[in-house]
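Throughout, read-outs are computed from the coordinates displayed, never taken from laboratory work. These numbers come from a predicted model, not from an experiment. Cβ placement follows ideal geometry from the backbone for every residue including glycine, while neighbour counts extend to all protein chains displayed.
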């Protein structure tokens with residue numbers, strides 16, 4: 001009988017330990033109705049975290065709350081259909097920043113428990129500032145669509161997960177750009193399959209793949225991790241603070257185990273919740289844990305990711321971005337190929353599937369001037385030539401010395417089809433060596449996009465060349 005009673009007590013404690021208000025509530029004689037608890041809570045909006053500047057309507061995002069008489073409450077809102085707890089306690093300050101397009105008037109729910117354990121919930125509203133433009137860090141992390149997929153980046157620094165020395169031995173910009181301070185790392189995501197001893201279970205989950213990805217959402221405030229087939233592995237909440245330190249440009253905080261392969265190296269499966277940000281731009285994200293590993297206080301773990309889904313971040317980085325020839329990914333950067341319907345956009349993008357022939361260096365384009373409209377070199381037939389896409393819709397081409405060759409306008413539609421992931425429309429001759437092969441110097445204005453990510457872009461014309469209806473031209477570029 002004693003054993004049964006003990007089990008019941010343990011079960012009861014487990015069931016009630018999920019709610020911090022219930023855990024903290026002393027069930028004093030202060031029993032409330034919903035109206036009374038609403039009246040007992042005061043909410044004031046301020047412009048600053050320190051609450052020194054009281055805000056007028058639509059001016060602030062910092063909310064200071066207090067209770068009288070003193071009562072432990074939980075304050076939450078509803079985000080993406082789920083309760084999003086903003087604060088718990090008798091008084092304090094929290095940030096309330098609705099997504100773009102939201103109403104300035106925001107409904108908050110205030111919860112407490114009476115002495116009989118009954119949940120009491122009241123509603124109150126506050127008027128806060130609603131952003132019209134995303135903060136830069138949110139734009140980079142979540143894109144202008146407020147949801148963005150990130151995948152492994154093993155190319156920038158030769159490894160995407162591993163250990164490194166103390167970040168104080170280097171600088172955030174060097175770590176971000178080149179992996180400075182790195183000791184060791186897996187050279188492919190599949191290499192993580194040999195590192196499962198650092199996980200908490202020792203089992204593969206599918207995140208050990210170049211096609212695994214995670215989606216940071218500003219809409220529901222969560223990061224969702226997926227395997228290559230799009231099956232969700234795990235999810236958790238996140239927040240970001242871009243207050244710089246000597247070793248990082250900011251801090252990312254998540255629920256434990258939210259990101260891809262979330263394990264610190266040599267820590268017995270530890271899943272950190274606080275990450276130092278070595279760098280974040282529209283196309284790359286480098287994280288570090290906070291170090292202090294058991295066997296070496298100067299050992300840290302790093303994670304390197306790249307943009308997978310944000311075409312705007314890739315193409316113009318929300319400002320302007322330069323692109324040059326890519327003859328390394330599949331050895332050729334311009335040439336002819338078969339009908340894209342014979343393959344898939346993903347295969348064409350990754351491996352050049354359906355390719356027939358191409359130049360193996362930009363300089364070889366000098367032997368292909370018979371395909372241009374003038375037969376004359378312009379300087380774009382060089383590994384140093386480049387084009388710049390601007391957020392305002394302009395594109396300009398330059399030779400290796402920075403002399404402008406031509407300019408034009410562009411538009412992008414990312415409506416996918418069976419043969420592409422989207423379409424780019426330009427004014428005639430706007431891109432580097434803009435000539436379709438075997439068409440007598442034709443300069444297409446509509447390009448199929450086989451793929452675009454933080455590092456590469458592959459374009460195709462719409463085919464139907466004079467001598468062969470199934471002949472198409474491809475262009476391969478990389479970020480400069």
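Values as computed for the structure displayed
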read-out: Helix-derived mean residue ellipticity, 222 nm - over the chain, DSSP H n ≥ 4, -39500 (n - 2.57), to 500; value: -3000 deg cm²/dmol
read-out: Shape category assigned to region 136-309 from the gyration tensor of Cα positions, a/c cut at 1.5; value: rounded
read-out: Region 143-201 versus region 53-76: alpha-carbon centroid distance in Å; value: 40
read-out: Shape of region 296-363, Cα gyration tensor, a/c cut at 1.5; value: prolate
read-out: Cα principal axis extents for region 341-398, largest first, Å; value: 34, 33, 21
read-out: Tail fraction, Cα-Cα pairs, the chain, threshold 28 Å, whole percent; value: 62
read-out: Debye equation applied to the C-alpha atoms of region 44-139, log10 I(q)/I(0) at 0.11, 0.17, 0.18, 0.21 Å⁻¹; value: -0.35, -0.79, -0.87, -1.13
read-out: Cα gyration tensor, region 315-479 - rounded (a/c under 1.5), prolate or oblate; value: rounded
read-out: Mean Cβ count within 10 Å, highest first, over the residues of peptides 357-363, 269-275, 66-72; value: 269-275, 357-363, 66-72
read-out: Estimated FRET transfer efficiency when R0 is 56 angstrom, pair residue 70-residue 446 (beta carbons, to 0.05); value: 0.25
read-out: Using alpha-carbon coordinates, inclination of helix 2-16 to the longest axis of the chain, degrees; value: 60
read-out: Gap separating the Cα centres of region 342-382 and region 244-269, nearest whole Å; value: 42
read-out: Cα centroid separation, region 205-231 to region 438-475 (Å); value: 31
